[in-house]
1. Can you find, within the stretch 246-272, the residue that is nearest to the ligand (Cβ to nearest atom) among those that are part of a strand (DSSP E or B), under 30 Å from THR312 (Cα atoms) and in contact with a His (Cβ under 8 Å, 6 or more places away or on another chain)?
2. What about LEU134, is it assigned to a strand (DSSP E or B) and either away from the ligand (no atom under 16 Å from the Cβ) or within 17 Å of the chain's Cα centre (by Cα) (or both)?
3. Can you find even one residue in the stretch 113-124 that is more than 9 Å from the ligand (Cβ to nearest atom), in contact (Cβ under 8 Å) with a residue 24 or more places away in the chain and of a type in the set (Asp, Glu)?
4. List the residue pairs whose Cβ atoms are under 9 Å apart, where the first residue sits in the stretch 73-95 and is under 19 Å from GLY301 (Cβ atoms) and touching a residue at least 24 places away in the same chain (Cβ under 8 Å), the second is part of a strand (DSSP E or B) and among the basic types (Lys, Arg), and the two are 6 or more positions apart or on different chains.
5. Yes or no: VAL86 closer than 17 Å to HIS156 by Cβ, within 11 Å of the ligand (Cβ to nearest atom) and of a type outside the set (Phe, Trp, Tyr)?
6. Give the stretch 89-110 a look and list any residue that's within 16 Å of the ligand (Cβ to nearest atom) and of a type in the set (D, E, K, R), or say none.
7. One residue is enough: does the stretch 244-258 have a residue meeting the conditions among the small types (Gly, Ala, Ser) and farther than 23 Å from ASP60 by Cβ?
8. Are any of the residues in the stretch 13-22 in a loop (DSSP other than H, G, I, E, B), more than 15 Å from the ligand (Cβ to nearest atom), touching a Ser or Thr at 6+ places or on another chain (Cβ under 9 Å) and at pLDDT 85 or above?
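The values are calculated or read from the model by the stated rules, or taken from the named source; none is laboratory data. Please read all numbers here as calculations on a predicted model, not as lab measurements. Backbone-built Cβ (ideal geometry, glycine too); neighbour counts: all protein chains shown.
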Amino acid sequence: MSNLDMKPPVAACGGRADVTAEPVREVLEARHMPLGESTVVRRLLPNLGRRMVGAWCFVDHYGPDDIAGEPGMQVPPHPHTGLQTVSWLHEGEVLHRDSLGSLQTVRPRELGLMTAGRAIAHSEESPRDHSRLLHGAQLWVALPDAHRATAPAFEHHAELPHVAGGGLSATVILGELAGAASPGTTYTPIVGADVTLAAGTEARLPVEPDYEYAALAMSGEAEVDGLRLAPESMVYLGCGRTELPLRADVDSSLMLLGGEPFAERIVMWWNFVGRHHDEIDRARTEWMSGTGFGEVHGYEGPRLEAPPLPPTPLKPR
Ligand code: MN
């Protein structure tokens, strides 16, 4: 998915100043953002109160939307640099195409992991014969300086490890949880998991004290460390935990996102993650001149134009 905002704000992120060393429960409310003509997504990161959780730097939650008889998701070809994108679905399908020639339908609880590295372009669309409901999340992971110029890549993992017990079932999307490790390539100590809680479940999930965490409500209403969490919000949990208490009175699901606090300062603008203004400017110029990102074949319709850069230079803080 893309940031389709035509006046994308500059997000200066990273650095440890905002990281809470102790466990906290900070509620982050979603902003509603239009995506294309008919879709509205809930943006949880970056958020006014918090820009990153570990290397996670962008989180959109969308649906469940009834797209019967409609085109559904239609995100034209657009570029990325310096990040990985994670496509995660609870309902429906997304057809991914990229400038490496990848053509992949991503289905519920399968991982579509695209490493932009130095440069990639992709499109995402609901296939023509799509399901009635579309429900999922689009997430970005910032690449550390040592790896952000890596070669672009796309991975699809239909089989992911599970952790289960006492009404809790978790799929490990990235990183490792309770001894189960995702096959997805990572570049920083990070974890992403999809956690399902059956009605009446009370569980404690083992977590890493050195990681900061957040939980995003996908459906139902779960209690995360005693805090009731429903879709439209995410809770930032800070660092310093060894386990996370979870309970639910109704069938619920959430995404647990965590990682070692990302120490590098980054600049995020439109679909690019960089370190300074000139780099973002160069990526934008290359995209607009049709160089540097390759071609996405097979998408019906024009590619996305980059919005104008803001008049004042982008600065990491
Ligand atoms: Mn994208």
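1. Step one: filter the stretch 246-272 for residues part of a strand (DSSP E or B), giving 246-248, 252-259, 265-269, 272.
Next cut, under 30 Å from THR312 (Cα atoms) only: 265-269, 272.
If we keep only those that are in contact with a His (Cβ under 8 Å, 6 or more places away or on another chain) as well, we get 267, 272.
Numbers: VAL267: 18, PHE272: 11 Å.
Looking at the filtered set, the residue picked out is PHE272.
2. Details: assigned to a strand (DSSP E or B): yes; either away from the ligand (no atom under 16 Å from the Cβ) or within 17 Å of the chain's Cα centre (by Cα) (or both): yes.
When the stated conditions are applied, LEU134 passes them.
3. no
4. Close Cβ pairs (under 9 Å, with a partner that is part of a strand (DSSP E or B) and among the basic types (Lys, Arg)) amount to PRO77/ARG97.
5. Details: closer than 17 Å to HIS156 by Cβ: yes; within 11 Å of the ligand (Cβ to nearest atom): yes; of a type outside the set (Phe, Trp, Tyr): yes.
Spelling it out, VAL86 is indeed closer than 17 Å to HIS156 by Cβ, within 11 Å of the ligand (Cβ to nearest atom) and of a type outside the set (Phe, Trp, Tyr).
6. Keep residues of the stretch 89-110 that are within 16 Å of the ligand (Cβ to nearest atom), which gives 89, 94-100, 102-104, 106.
Those that are within 16 Å of the ligand (Cβ to nearest atom) and of a type in the set (D, E, K, R): ARG97, ASP98.
7. Step one: of the stretch 244-258, the residues among the small types (Gly, Ala, Ser) are 248, 252-253, 258.
Then drop every residue that is not farther than 23 Å from ASP60 by Cβ, which leaves 248.
The answer is yes; a qualifying residue exists.
8. Keep residues of the stretch 13-22 that are in a loop (DSSP other than H, G, I, E, B), which gives 15-22.
If we keep only those that are more than 15 Å from the ligand (Cβ to nearest atom) too, we end up with 15-22.
From what's left, touching a Ser or Thr at 6+ places or on another chain (Cβ under 9 Å): none.
Among the residues of the stretch 13-22, not one is in a loop (DSSP other than H, G, I, E, B), more than 15 Å from the ligand (Cβ to nearest atom), touching a Ser or Thr at 6+ places or on another chain (Cβ under 9 Å) and at pLDDT 85 or above, which makes the answer no.
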